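Following: one structure in structure tokens, then a few remarks.
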Amino acid sequence: MNDFKTAGIAAVVAAFVALIVAIGGRLISPPPQFITVQVEQLLAEHIQAQAKQEATAEQRLQAAEAFARRLDSALGEAAQRHGAIILASGAVVRGAVDVTPEMRAALSLNSPEPPP
């Protein structure tokens, strides 16, 4: 019976410690912020740049796959660097920082020209 009591006390203590660590961690670290990216705009800029180049269908497919990998990597790095959750800009009315220019630079895209 003593072994069961000891095991029960150990389980309660372990649960209590886990709860304290979880609550303490939440109180110490700030909640993640939200950032936005205009993914559609970045894709359009990439497509526009690719349209200006002479390439076969296979080369265009390879370029699209490479761009998708670079975009995914750049988004992951931005999320980690900002400690943030990334949302598509169309999903946010206001209150989030737009990191599209940062993504554009990371992907080596040129800024679109403003309409006349």
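Here are the numbers for this structure:
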quantity	calculated
Charge context of VAL37, other residues only, Cβ under 14 angstrom, K/R +1, D/E -1	-3
Summed side-chain charge close to ALA64 - residues other than ALA64 whose Cβ falls under 12 Å, Lys, Arg +1, Asp, Glu -1	+1
Residues PHE67, PHE34 arranged by fewest to most Cβ contacts within 10 Å	PHE34, PHE67
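Taken together, the values in this text are just the output of simple stated rules run on the coordinates, not laboratory data. Predicted, not measured: the structure shown is a model, and the values here were computed from it. Note that each Cβ is placed from the backbone with ideal geometry, even for glycine, and that neighbours are counted across all protein chains shown.
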